Structure formats: structure tokens, C-alpha cells
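For reference, the structure discussed in these notes is given below.
The values are calculated or read from the model by the stated rules, or taken from the named source; none is laboratory data. This structure is a prediction, so every number in the text was calculated from the model and none was measured. As a convention, Cβ positions derive from the backbone with ideal geometry for all residues, glycine included, and neighbour counts pool all protein chains shown. Accessible surface areas use protein heavy atoms only, side chains included; no ligands, DNA or RNA. Shrake-Rupley method; radii C 1.70, N 1.55, O 1.52, S 1.80 Å.
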Amino acid sequence: MDKMWSGRFSAGASTLLEEFNGSIMFDRELYREDIEGSIAHATMLEKQGILTSLELADIVKGLSQVKQEIESNIFEWKIGDEDIHMAVEKRLTAIIGEAGKKLHTARSRNDQVAVDFRRFVLRKNREIIDALKLLMSEILNIAANHTDTLMPGMTHLQHAQPINFAFHLSAYLAMFKRDIERFNSSYERNNISPLGCAALAGTPHNIDRGVSANLLGFESASINCLDTVSDRDFALEILFNISTMMMHISRLSEELVMWSSYEFRFIELSDEYSTGSSIMPQKKNPDVPELLRGKTGRVYGSLMGLLTVMKALPLAYNKDTQEDKEGVFDAVKTAQISLEILKEALKTMTIKPQNMLSACKVGHLSATDLADYLVQKCSIPFREAHFITGKAVAKSEELKIDLSDIELKYLQEIDGRIGEDVIKYLSIKNSMNARTSEGGTSTQRTLEQLKYFKNFLEQ
Ligand code: ARG
């Protein structure tokens, strides 16, 4: 019996139990956090006179060796060691002897796993923020060249009003900025140290939680130990943040899929980020945005999974909580690769302004402008203006032309109050540029928005 907790047992654990109970096959992802956490804990113990400086030196040296063994792939992972915490401690003691046995003073695996997992999640919050910023600057680069590129703005996936392509991209910049703010606020809220909480109630040893918190870069020690060893809000937050971010990514992905279809032809994805068909030689498929759309579902699954694990758990630590990690590891990996591949796919795609413009020539995109003209220039109440414009749209349909191409005489037949100056209002470009209200699509307003996001990335 070589278990660290074997004292009160007379028979060894069954292999079946070891398989079922162990988390080492996945929580070894936390080895770095675990070793750094142990070094911080030992440093604090020495400062408080609980370990001698020799013992501390042995521990630090031994832990560095363990880290090195893991990183050079010679560490022997054994399911019997149960989890990363016991595997590291056991190997440490095998290397340095007696001092290794003192490391767990004033500590429990409960605060240990809480500190490891929390620091992993905090680190990932930061890494995802950095990747989101790179994605945003790529979108900004593209947008800078398209503040004049007309495209149909849609509602209900029907042509609505003309906008410019940069304005459309700016909508995604707004979403990704909020995503960054969410990761950031989660980081700040959860930046508190569980170390020293021990099993659930603190410890009688004369520890200083502030010291280990400080060494690990936490803002402070957590306020209540019972809460800290059982709380997994920080993990739920990153899952929610990733889910929301992936939802945004999936909306953009859906548009990329549509835009690269023959029906739209607004963009063409590069060969490097497209795939072929095994049977249809002519095909070029948008697998990247489709997979991004699909992976969103998998991340939502992890969020729902952990919410369900946490539901109705009594205080404090329960083994159910061990189920918190795999979903988070998976979601974080998905988020990171998704951000990177989306950025590359966008960077290498070809934009087709001519096709976007042709699409603006169907669907009477400037109809609202005619109504607005009737209100502004002819003092007609909007409801009536809407009706008159409807007549003009019907006439255009009858003539098989777009409203932006209708001749003045037809408009004047419908309503004598319409003047020559109306023609200018009907052009697609004027229509786009007429929307000068704050947050609107006019090139001027779009430039303002791009500047705002650029400033955001720079601070
Ligand atoms: N492997 C465990 C987990 O991931 C570590 C904590 C175990 N604590 C305990 N009291 N059994 O949650």
C-alpha cells in the first residue's frame, strides 16, 4: 500500500477504483501551477519558521527536478498516484527524503487544487484576451480599407439598408471588445488565493496567507476558506465567457459561410483555409467557419456540464468537483485555436466589393431614404411617407428596376410634392452616407468607430 492516505486502510485500492477515482491523466495539465504553488507554500512556511531554510532549499531544488522530469517527458505517470498533487509530492519525497514529507503542513489537496486550477484559469483569461486583441487588430486592418465598400445591410436576412463593409466588421469589433472586458473582469474578480485554506476551515499553524498569495501574484488571500475550497465560479465564468465569445465567432462564421456561397460571392476564402470534396472535384468548402460554428456547441456543453456538477453540492469540497477540469481544458483549447484560425482565415480571404455593390442594386435598399426625404423635404408625416414610398417600390417592381434607378417622372406621378433633388437621396452611396447619427454607418461615423477600437487596443 503506497497511498499517501493509506494509514487507516488495511486493504489496498482496487484497480477499478484507481481508474475511476484518478484524475492524474488529465489534471497533469496543472503541473506547472502545482509546482509553483508548492514553492510559494514552502517559502511561506519557512518565513513563518515552520520549515528550516535547509528544508526549503531541498524542497525548491527537488520541485525543480520534478518539473524538469515532467518537461523532458521522463516523469512516470501512474494512475495509482491518483492526481497531480500526490504524484508531485510523492516524487519530491523520493528525491529529497524527509523535507518532502513536511511540505503538506498547513495544506490540503482541497486548497491545492483550488489554487492550481484557479491560476490556470486566470492565466487562460489573459491568454485569450491577448488572442482576442490580435483578432481585433486583424479585423481593424481589413476594415480600414472598406469604409467605402457598399454592401446590403440585412434584417431577417433580407436586404434592408445599404451599409459599408467596415461598419459590418465594426459590429464584430464591438462584440469582441465586450468579450475582452468579460475575461478581464473575471480575472480581476477571481484573483484571490486559496492557499492556506487547508481542507475547509483554515489551520492552527502560524501561517501568513498574504505571503503565498503575493508570491503567486494574487491580489490577496480569499476571505472565507469554506467558500474558497468549494467555489468553482471562476471556472464557470471562463466557460461562460468562452461560450459568449464562441457565439460571436459562430455568427461571424455563419456569415463567412454564406458570403462564400455562389449566391453571395462577397468573399472567397483562401486555399490554405479551405477544403475540397472527396467526390466533387470542383468543390471548395468553407470547413473552417463551419467547424467554428460547430465547436461552439461543444463549449456550451462544457458550461452546462459544470453548472450541473455544481448544482446542489453541499459545502465544502466534494469529489464531484473533480469533474470541473476536463470541460475547461477542452473549452480553453477550443477557444485558443478558434481565435487563431479565425484570424488567419480572415487575413487571407479575398473581399469582392463589386459583388457586394451589385447586391445593393436589388431589394430597393434606399426605400427608407425616400420616406426620410418625404418627411424632411416635403413635411409629410412618416406613416404617409412610408405609404407613398411603398407605391414607388411597387412601381419599380413593375418596371423591373431597383428603386435607386427610378426616373423622376414616375415618382412625381405618385406624389406631386416630390422634387428633383430626390434623385440624390436614392443613390445607394448617399443612402449609406446619410446615416450620420452616432453609431451609424456613414463613412465618417464608421471611421470614428474604428478609431475607438484602435484606441481600445492601444491602451
Ligand atoms: N483530484 C482532486 C480534484 O481534482 C483533488 C482534490 C482532492 N481532495 C480530496 N479531498 N479528495 O478535485
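Of all the accessible heavy-atom surface of region 243-350, with the other protein chains kept in place and a 1.4 Å probe, what percent is carbon and sulfur? Kindly include the intermediate steps, with their values, before the conclusion.
Numbers: 3020 of 5430 Å².
So the carbon and sulfur contribution to the accessible surface is 55 percent.
Straight-line cross-link reach from residue 424 at under 16 Å between alpha-carbon atoms covers these aspartates and glutamates, not counting any fewer than eight positions away in the same chain: 369, 372, 402, 405, 407.
Could you work out how much longer the chain between residue 233 and residue 400 gets when fully extended? Use 0.36 nm per residue separation minus the Cα distance between them, nm to one decimal. Let's see the in-between values first.
On the way: separation 167, 0.36 × 167 = 60.12 nm, distance 5.91 nm.
Roughly 54.2 nm would be gained on extension.
Here the Kirkwood formula puts the hydrodynamic radius of region 70-131 at 13.6 Å, using every distinct Cα pair.
The GluC sites (Glu not before Pro) of region 16-106 meeting both criteria, a DSSP state outside H, G, I, E and B (loop) and at most 13 other C-beta atoms within 10 angstrom of the site's C-beta, are 76.
Remark: for residue pairs 177/429; 295/343; 352/451; 177/343, the C-alpha separation exceeds 18 Å in 177/429; 352/451. Along its first, second and third principal axes, ordered by size, region 1-57 spans 42, 29, 14 Å in Cα coordinates. Rounded, prolate or oblate: pick one for region 371-459, where a ≥ b ≥ c are the square roots of the eigenvalues of its C-alpha gyration tensor, a/c under 1.5 means rounded, and failing that, prolate if a/b is larger than b/c, else oblate. Cα axes put region 371-459 in the prolate bin.
Across the alpha-carbon atoms of the chain, the computed radius of gyration and Dmax are 30.5, 101 angstrom. Given 0.36 nm per residue, what is the gain on full extension from residue 344 to residue 5 after removing their alpha carbon distance, in nm? That pair, residue 344 and residue 5, stretches by 117.0 nm at full extension. Secondary structure note: in region 98-243, about 75% of the DSSP beta bridges are antiparallel.
Computed over region 285-388, the P(r) curve from all C-alpha pair distances, binned at 5 Å from the origin, holds 2, 9, 12, 9, 8, 8, 8, 7, 9, 9, 7, 5, 4, 2, 0 percent per bin.
Within region 1-31, name every residue whose backbone N is under 19 Å away from a label modeled 7 Å from Cα of residue 323 along the Cβ vector. Taking a point 7 Å out along Cα→Cβ of residue 323, the residues of region 1-31 whose backbone N falls under 19 Å are 17-27. With a 1.4 Å probe rolled over the protein heavy atoms of all chains, the accessible area of 77, 259, 5 falls in the order 5, 77, 259, largest first. Once backbone amide H atoms are built at 1.01 Å from N, residue 221 has 193 as its partners under 5 Å, excluding neighbours fewer than 5 places away on the same chain. Hydrophobic long helices, here whole DSSP H runs in the chain with Kyte-Doolittle means of at least 0.5 and Cα atoms spread over 20 Å or more along the helix axis, are found at 233-259. Below 25 Å Cα-Cα, how many Lys pairs turn up in region 1-156? Only count pairs eight or more apart in sequence, or on different chains, if you could. Close lysine pairs found across region 1-156: 26.
Could you tell me how many cubic angstrom of Cα convex hull volume region 166-257 has per residue? Walk me through the intermediate numbers first.
On the way: hull volume 9.1 nm³, N = 92.
Dividing the Cα hull volume of region 166-257 by its residues yields 99 Å³.
What FRET efficiency comes out for residue 454 versus residue 251 if R0 is 22 angstrom and r is the Cβ-Cβ distance? Round to the nearest 0.05. Efficiency, from the Cβ-Cβ distance: 0.45.
Think of it this way: in the chain, 360, 378 stand alone, with no other Cys Cβ under 4.7 Å. Over the chain, dividing the summed -39,500 (n - 2.57) contributions of all DSSP H runs of at least 4 residues by the number of residues returns a 222 nm mean residue ellipticity of -20500 deg cm²/dmol.
What's the FRET efficiency of residue 123 with residue 16 using the Cβ-Cβ distance as r and R₀ = 45 Å, to the nearest 0.05?
0.85
A simple spin-label model places the labels of residue 263 and residue 53 7.6 nm from each other, with each point 7 Å out along Cα-to-Cβ. Using the Cβ-Cβ distance between residue 189 and residue 284 with R0 = 41 Å, the FRET efficiency computed as 1/(1 + (r/R0)^6) comes to roughly 0.35.
Couplings 3J(HN,Hα) of region 8-15, computed from phi: 8, 9, 10, 10, x, 6, 6, 4 Hz, in residue order, whole Hz [Karplus 6.51 cos²θ - 1.76 cosθ + 1.60, θ = phi - 60°; x for Gly and Pro].
Within the chain, DSSP assigns beta bridges of which about 80% are antiparallel (rounded to the nearest 5).
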